[in-house]
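Remarks on the structure that follows.
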Amino acid sequence: MKKPIKNNLQETRSNSSMTQEELADKVDVSIQTIQSIEKGKYKPSDSLALNIARSLGKEVTEIFS
């Protein structure tokens with residue numbers, strides 16, 4: 001069983017006043033993908049994690065660990 005990735009995506013996104021839909025549009029994925037990442041059900045690729053972090057003005061390590 002894969003170990004779920006610990007992430008602060010939901011908190012970071014909320015603090016940035018960005019909706020799941022807005023973030024999904026910025027990084028060109030579905031809302032369902034963002035929801036799955038926030039719930040820890042899906043581990044984003046390195047490039048997606050980087051795109052998410054950049055869209056939120058953060059470092060990858062501030063969101064994902």
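The values are calculated or read from the model by the stated rules, or taken from the named source; none is laboratory data. Every value quoted in this text rests on a predicted model; they were computed, and no experiment measured them. Because the Cβ atoms are built from the backbone with ideal geometry, glycine has one as well, and the counts that use them run over all protein chains shown.
Structural remarks
- Within region 46-58, residues that are on the phi > 0 side of the Ramachandran plot reach partners that are assigned to a loop (DSSP other than H, G, I, E, B) with beta carbons closer than 9 Å, at six or more positions or on different chains, in the pairs GLY57/SER16.
- Within region 22-57, the residues that satisfy the criterion of being in a loop (DSSP other than H, G, I, E, B) and either among the polar types (S, T, N, Q) or farther than 10 Å from LEU9 by Cβ (or both) are ASP28, VAL29, SER30, LYS41, TYR42, LYS43, SER45, GLY57.
- Subset of region 14-41 [crowded, with 17+ Cβ neighbours inside 10 Å and farther than 16 Å from LYS58 by Cβ]: GLN20, ALA24, VAL29, THR33
- Residue in region 5-42 that is nearest to SER65 (Cα to Cα), counting only those that are among the basic types (Lys, Arg) and more than 9 Å from the chain's Cα centre (by Cα): LYS6
- For region 1-13, filtered to residues that are touching a strand residue (DSSP E or B) at 6+ places or on another chain (Cβ under 8 Å) and buried (at least 17 other Cβ atoms within 10 Å of the Cβ), the residue that is modelled with the lowest pLDDT is ASN7.
- LEU23 being out of contact with any Leu (no Cβ under 6 Å at 6 or more places or on another chain) and free of Cβ contacts under 8 Å to residues at least 12 places away in the same chain: no
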